[in-house]
Amino acid sequence: MLVLFETPAGFALFKVLDEGKLSKVEDLSKEFTTSDSARKVVKLKAFSKFENTSEALSAATLLIDSKPSKELRKFLKAHCDGETLGVADSKLGNTIKEKLQIECVHNNVVMELMRGLRSQLTELISGLATQDLAPMSLGLSHSLSRYKLKFSPDKVDTMIVQAIGLLDDLDKELNTYAMRVREWYGWHFPELAKIVQDNILYAKAVKLMGDRVNAAKLDFSEILPEEVEAELKEAAMISMGTEVSDLDLENIKDLCSQVLSFSEYRAQLYDYLKSRMNTIAPNLTALVGELVGARLISHGGSLMNLAKQPGSTVQILGAEKALFRALKTKHATPKYGLIYHASLIGQAAPKHKGKIARSLASKASLAIRYDALGDGQDNTMGLENRVKLEARLRALEGKELGKSAGSAKGKPKIEAYDKDRKKGAGALITPAKVYNPSADAVIGCTDNEEQKISVDEPPSQTEVSEKKKKKKKSAEAEDNGIVESEETGTKKEKKKKTHAAADGTEENVEVEKSKKKKRKHSDDDESETADKKKEKKKKKKKTEE
C-alpha cells in the first residue's frame, strides 16, 4: 500500500512496510512518536519536487478543487503500478481512479497515517530541513490565500477614489478659471457675458475673436448658433468696453486655452471613471449612477468598507454634520446624504423623497455587498432592483392620485340606491304618490260630525264665497291695524326725538359751563406765572446791585 502526501516542496509517496499494524488504528499514533519507530512503519519511495512557486500554487489550487495536476499524474503513473493508493481526499481518489485506473483508499487508517507522517516529515524525507520547510509553507499559504480571494487589479477601488477626487477638483478649478476669463475679458467686451452663458462656449468665442473689432469678419457657426452669432456681432459694433492691448489679449487667449484643455481632460476623466465603475461596482452603478456611486465609495474609504455598512448608514452618508447637529439640538435627523443626487430620488415628489431614499439605500447596500464579495460581473441584480424601486415610486404616486380622485375629503360620493330611478336621468319610472286628505287630523269636530263629513264630496259654491268674503275682511282689518301701528310708531319716534333734543341741549349747556371754568383756571394760572416771573426778575436785579 502506498500513501500520497502533499508538502510545500513537492509530492511524496510513502510505502507501508508493515500493513498488519494498520489493523489497530488506536495504537498507530504510538508508532510515530520517534523517527526510528516511524521508519519501521513507512518508507519514502519517491519524491516529486516543485520547480518554482507558481508550479506549487497551480498544483495546490487544483488539489483544492480535487483535481490532479499534470505532474502528479505522471508521477503516479511511474510509481503506482498495481498498488493501492491512500489519499487524504475522497474526491481526489475518485478522479485518480477514473483517469489513471489506480485503486484509491480513504478511511480512518489513512488519515491517522497522514497525521503521523506530518509529525515526522523532516526525518522521513532526507534533504528537507525544518528551516527550509517553514518559509516554503508560508509563501505557498500567502499565494493560495491571494488566489482564494481572487485578487485582481481590475477590482482595485483606489483608482475610483482618486478619480472622483480629481474630478471634483477639476470642476472647482474649471469654474474658477472660467469666471476669471469672464471678468478679465469683460473689461473689453462686457456684453458678451449676457449673450453667451456657457463657460466653454465663452472661452472658445474669446479665443477665436480676440479683439471685438474682429467679430464682424469672423465666422462663429462652428461654435455658436446663428441667432447668438448675429447678436454677438451686433453687440460688438456698439460695445461700451475699454480698449485692450495686444499683450493683454494674448494672456487672455492663453487662459482660454487652459480652460478648454481642462474641460477636455475632465470629459476624458469622466469616461475613465464610468468604465471603472462599470467594472468594479456594476450593480451600484445601475442603481445610483457613476458619480453618486463613486462618491459613496470615496466617502466610505473603499468598496469593502462600504459593504460593511448597513442601509441606514448608506442613506445618510455625507450628512454627518447635519445628523450630529440634529441629535445635539433634538431636531429631526436628515433623511438623505450623498444618495440625494441619484436620479430615482430626483424623480420623486418632495413628500416621497424620504421613503424612496430609504428604499434606495437598502437596495444599494445589497448591491454594494454583491459587488464587493460576489463572483458575478454583471449588473442584473442592480437593474432588477431599479425596476422594483420605479414600481414603488409609481405606487406611491398612484395612492395620492387615488385619494384626490374622490370628494374633497378623499372619500368617494356614494348615492343611495333607488330602484324607481332611471340610470343617468332624474325622472322616476313609477308615478308620484297621490296626496291622501283622509290622513289629516280635523280639530274641533266630534266623532259623530267626523263620520258625517265625506272626503269625496266637494264644498258648495256658497261656502266658497263666504270664505272669500271673510278673508277680504280679515285682510282689510290687518291693513288698518298696520296703518294705526305705523302712526303710533311715528308719534313715539317724534317724542323720543324731542326728549333727545332736550337732553342734548342740557348736555351742551353743561359742556359750555365746564369749558368756561377751564378758561378761567387757565387765565388765573397764566396770571400767576406772570407774577412769579416778575418777582424773579426783581430779585435778580437786587442781587446784581
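Numerical summary
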| item | result |
| --- | --- |
| Among 227-234, 83-90, the order from most to least packed when residues are scored by Cβ within 10 Å on average | 83-90, 227-234 |
| Rounded FRET efficiency, nearest 0.05, which uses the C-beta distance separating Thr313 from Leu138 and R0 of 25 Å | 0.10 |
| Total formal charge among the other residues, if their Cβ is under 11 angstrom from that of Ile345, Lys/Arg +1 and Asp/Glu -1 | +4 |
| Simple spin-label estimate for Glu535 and Asp219 in nanometres, 7 Å along Cα-Cβ | 10.9 nm |
| Per residue, in Å², the accessible surface of region 310-384 once ligands and nucleic acids are set aside, probe 1.4 Å | 57 Å² |
| Heavy-atom accessible area order for Asp378, Asp65, largest first, 1.4 Å probe | Asp65, Asp378 |
| In Hz, Karplus ³J(HN,Hα) per residue of region 206-220 (6.51, -1.76, 1.60; θ = phi - 60°; x = Gly, Pro) | 5, 5, 6, 7, x, 6, 5, 5, 6, 5, 5, 8, 8, 10, 9 |
| Accessible-area order (highest first, 1.4 angstrom probe) of the listed residues Met179, Met114 | Met179, Met114 |
| Residues whose placed amide H lies under 5 Å from that of Gly10, excluding near-sequence neighbours | Phe50 |
| Carbon and sulfur %, accessible surface of region 264-409 computed with the full protein complex present, 1.4 Å | 55 percent |
| Shape parameters for region 22-117, alpha-carbon atoms, Rg then Dmax in Å | 14.6, 40 |
| Nitroxide proxy distance, nm - points 7 Å out along Cα→Cβ at Leu201 and Asp168 | 3.0 nm |
| Environment charge at Leu232 (Cβ cut-off 15 Å; Lys +1, Arg +1, Asp -1, Glu -1) | -3 |
| Å² of accessible area per residue within region 86-228, as computed with a 1.4 Å probe and no ligands counted | 60 Å² |
| Accessible-area ranking of Asp168, Asp157, Asp198, largest first, probe 1.4 Å | Asp198, Asp168, Asp157 |
| Computed magnitude of the charge dipole of region 1-101 (debye, nearest 20; Cβ of K, R +1, Cβ of D, E -1) | 220 debye |
| By average C-beta atoms within 10 angstrom, highest first, the peptides 360-369, 187-196 | 360-369, 187-196 |
| Net lengthening on full extension, Asp18/Thr84 (0.36 nm per residue, minus Cα-Cα) | 22.3 nm |
| Segments 169-178, 19-28 sorted - mean Cβ within 10 Å per residue, highest first | 169-178, 19-28 |
| Sulfur and carbon atoms: percent of accessible area, region 1-109 [1.4 Å] | 47 percent |
| Projected label distance in nm at Glu98 and Glu55, using a 7 Å step from Cα toward the beta-carbon | 2.7 nm |
| Computed accessible area, Ser37, all protein chains, 1.4 angstrom probe, square angstrom | 20 Å² |
| Entries in Lys330/Lys388; Lys21/Lys45; Lys70/Lys99 that, when Cα-Cα distance is taken, lie over 23 Å | Lys330/Lys388 |
| Residues Arg266 and Thr242, FRET efficiency given R0 of 56 Å [Cβ-Cβ distance, rounded to 0.05] | 0.95 |
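The values are calculated or read from the model by the stated rules, or taken from the named source; none is laboratory data. Owing to the predicted nature of the structure, the values given are computational and were not obtained by experimental measurement. Reconstructed Cβ throughout: ideal geometry from the backbone, glycine too, with neighbour counts over all protein chains shown. With ligands, DNA and RNA removed, areas are computed over all heavy atoms of the protein, side chains included. Shrake-Rupley method; radii C 1.70, N 1.55, O 1.52, S 1.80 Å.
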